[in-house]
Amino acid sequence: MNPWSFDVVKFRLGAASDPTNQERMPFYEEIARLTSGGRPEYVGTGKRYNSISADTAMKNPAALYAPLDRALQAVAENSDVAILDLSEKSGAVTTLAIFRGKMFRHISAAIATALADERWNNERKLIVLLPERLSEQDEARRALANHLASRRVILVADDGTSTDPDFPSAGYRKAQEIVAPHPPLEEFRRRMITRLGWFRSEGTHGNFFRHYFDGSAGANYLDAVLEEYLGASTPLERPVYVIGHLSISPWLLKPLQGACNRVRLPFDIYEDALKPDNSRAINAEGGIVTLVVPMVRSGGSISVLAQSLEKRLRPTKLQILTVLIEQSNARSDGCHKIENDDGRVQDIHYLLPVSQKVVSESVAARWQAASDPDESPRSNLTTQEFWDLVRECGVKPEDDVPPRRSAYPIVPDLPMALDRYGPWLADKLWSAIRARTRTLRQNIVLASPRGEKGSSKLASCLTASVQANVVQIPREAIESVIEHGDANAVVDPDAVWYQELSSASAVVLIDEFVGDGKTMDAMAAIAQASDVRITAQCCLLDFSPSRSSGEVDSLYSWQASRSQMPPPAQRANSIIPETVNEPSTKTD
């Protein structure tokens, strides 16, 4: 056998993604190295998947056995190590409930059967990556007891704990950084919704803010960031009391409470901390106190809050941490300085810089209505929101034009809109998709045309929102279906994109915009030829709503011709009113 060779078990629970792609392969190589101690070589052959939808597995756990057994039997004969990835941190699994109850018993049964087969190399180790540790009393683990004792099978949980006492847990946690898409703060940023509108200031100046920030979709990641800041000694000193000022941003409460609970720090919201009979506040008097707020623009309102807390608590030090800060106040050291009324300088530590524009009431009055941050989410853009978005992000000639038709002379700059407001737009589209299906997100793939900038950005935003896999269908396959009308002719069982698509129980078709609708029709035909149910078809803009008859979910639609396109010809910000520099007393 080739020394220290390894293979990856090609099994997926839910929609498949290529287990041997360039992003994951270094991760698997490192696991093989940690197991064998040598420099490993990948000896896998073929790319065919054995997969089962999470829906099916949860309804009928016994159905897990057959596809996993086939995948295990297909492991390369000359491999010393085989890796079965069922980890959450690697992105292989997103539904933890899959590994509780009866489901893992069928997984362990398939493993035991494969190892008992004479075709399985007796010296080969099987490394099974799991989301969480199985207790020694777990029935599925007991079924593998002999193999675990001989170390032919090694179970490794996402926290690094393993059934092999010699397995390097710290090395495994380090290897997870290879497949970690982004650090927690970046994951929070990618999910933070920036709503465009006209939001009235809470202050007395009569100003309107152009953006409302909603971090609720990334609360779990913000929780981890706050835990690190509050529990460590740098850049903030460990406080004896944490106070949260939520203003109109309730999304901060849950992650802040969770972080304080884990690092064992007493916590109150600002209003409760000022109450004279609050025992936590009384106990914190004379100690270090940390105030956490969602947003700081100029810092004027923070100075008022700080003085009230200092008067009530008389802390030896008051530290301030804001999740968001107006980008004009961002500094390389992550600390913004303001001057209090008494002349003292106050440091404000921050996590993310954002753009917040402020306009006067007289300018905002030209618009139809002020925006309400508490309104129920809509699955589309209002007319006011859409044209406001066009004015903010501009227009451009159409690019990524299919070869069979001429380009629209001018279209809204959707890639720019997605760069600035992607999570907001994706959240609206996903609201429409959720209304059409109850399928687990583990089973859904998003299918888009390959190589199109706007569609790729939209798919990326939706992936961040719902953690679904993206399949990019080659443009040549789409054009072939349009020209010849035969979707079966482009089906290639050996193509990775087809394996990923056909492994799903449901697919959402997405495109930047729908013009003549032929691209969407071709993708639908390919999905049907792959025996995949189409959950929804969605786009940002629908230029032919009369054709789609409600079948396509879009953020905005109007009937347009290629020769007479209605979008305004202004470039980005060309008619946006000048911002004002009046101070704000609002932390949002």
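Of note:
- Scan segment 252-264 for residues that are open to solvent by 20 Å² or more (accessible area, probe 1.4 Å) and under 25 Å from the mean Cα position of the chain (by Cα) and the total you get is 5.
- Test set (1) open to solvent by 10 Å² or more (accessible area, probe 1.4 Å); (2) touching a strand residue (DSSP E or B) at 6+ places or on another chain (Cβ under 8 Å); (3) not in a loop (DSSP other than H, G, I, E, B) - Ala417 fails condition number: (1)
- The set of residues from segment 156-200 being surrounded by 16 or more Cβ atoms within 10 Å (Cβ to Cβ), touching a residue at least 24 places away in the same chain (Cβ under 8 Å), farther than 30 Å from Val358 by Cα and among the β-branched types (Val, Ile, Thr) comprises Val156, Ile178, Val179.
- Within segment 504-523, restricting attention to residues that are in contact with a helix residue (DSSP H, G or I) (Cβ under 9 Å, 6 or more places away or on another chain) and small (Gly, Ala, Ser), the residue that is farthest from Leu446 (Cα to Cα) is Gly517.
- Residue list for segment 136-150, restricted to those being in contact with a Lys or Arg (Cβ under 9 Å, 6 or more places away or on another chain), exposed (fewer than 15 other Cβ atoms within 10 Å of the Cβ) and either under 15 Å from Leu84 (Cβ atoms) or not polar (S, T, N, Q) (or both): Glu136, Glu139
- The set of residues from segment 373-384 being at pLDDT 70 or above and surrounded by fewer than 19 Cβ atoms within 10 Å (Cβ to Cβ) comprises Arg378, Ser379, Asn380, Thr382, Thr383, Gln384.
- Some residue of segment 463-486 being part of a loop (DSSP other than H, G, I, E, B), of a type outside the set (Phe, Trp, Tyr), closer than 14 Å to Ser530 by Cα and open to solvent by 20 Å² or more (accessible area, probe 1.4 Å): yes
- Condition check for Ala114: under 25 Å from Gly37 (Cβ atoms), in contact with a helix residue (DSSP H, G or I) (Cβ under 6 Å, 6 or more places away or on another chain) and in a helix (DSSP H, G or I): yes
- Annotation: Gly215 fulfils all but one of (1) of a type in the set (Gly, Ala, Ser); (2) farther than 29 Å from Thr382 by Cβ; (3) touching a residue at least 60 places away in the same chain (Cβ under 8 Å); the unmet one is (2).
- Residues (out of contact with any Gly (no Cβ under 6 Å at 6 or more places or on another chain) and in a strand (DSSP E or B)) located in segment 487-522: Ala506, Val507, Val508, Leu509, Ile510, Asp511, Phe513, Val514
- Number of the exception - Ser303 against (1) of a type in the set (Ser, Thr, Tyr); (2) at pLDDT 90 or above; (3) over 29 Å from Arg191 (Cβ atoms): (2)
- Within segment 241-258, tally of residues that are at pLDDT 90 or above and over 14 Å from Leu291 (Cα atoms): 4
- Candidates are the residues of segment 54-70 that are at pLDDT below 85 and open to solvent by less than 20 Å² (accessible area, probe 1.4 Å); the one that is nearest to Ile107 (Cα to Cα) is Ala57.
- Qualifying residue in segment 217-240 (condition: out of contact with any helix residue (DSSP H, G or I) (no Cβ under 6 Å at 6 or more places or on another chain), at pLDDT 90 or above, open to solvent by 60 Å² or more (accessible area, probe 1.4 Å) and outside any loop (DSSP other than H, G, I, E, B)): no
- Helices (runs of 4 or more DSSP H) (entirely within segment 127-210) containing at least 2 residues that are within 26 Å of the chain's Cα centre (by Cα) and under 30 Å from Leu381 (Cα atoms): 184-191
- Scan of segment 549-566 for residues that are surrounded by fewer than 18 Cβ atoms within 10 Å (Cβ to Cβ) and either at pLDDT 80 or above or closer than 21 Å to Ser431 by Cα (or both), ordered by number: Ser549, Gly550, Glu551, Trp558
- Restricting segment 7-53 to residues that are modelled with pLDDT of 85 or more and assigned to a strand (DSSP E or B), the residue that is farthest from Leu130 (Cα to Cα): Glu41
- Among residues of segment 316-330 that are closer than 17 Å to Arg189 by Cα and touching a residue at least 60 places away in the same chain (Cβ under 8 Å), those with a Cβ under 8 angstrom from a residue that is assigned to a helix (DSSP H, G or I) and open to solvent by 40 Å² or more (accessible area, probe 1.4 Å), sequence gap 6+ or separate chain, pair up as Leu321/Tyr229.
- Being under 30 Å from Ser460 (Cβ atoms) and basic (Lys, Arg) holds for only one residue in Arg141, Arg190, and it is Arg190.
- The residue that is farthest from Ser557 (Cα to Cα), among those in segment 337-370 that are of a type in the set (Gly, Ala, Ser) and modelled with pLDDT of 70 or more, is Gly343.
- Applying the set (1) in a loop (DSSP other than H, G, I, E, B); (2) open to solvent by 30 Å² or more (accessible area, probe 1.4 Å) to Trp120 leaves exactly one unmet item: (2).
The values are calculated or read from the model by the stated rules, or taken from the named source; none is laboratory data. In this text, all values refer to a predicted model and were calculated from it rather than measured experimentally. A quick note on method: Cβ atoms are made from the backbone with ideal geometry, for glycine too, and the neighbour counts reach across all protein chains shown. These accessible areas exclude ligands, DNA and RNA; they are computed on the full protein's heavy atoms, side chains included. Shrake-Rupley method; radii C 1.70, N 1.55, O 1.52, S 1.80 Å.
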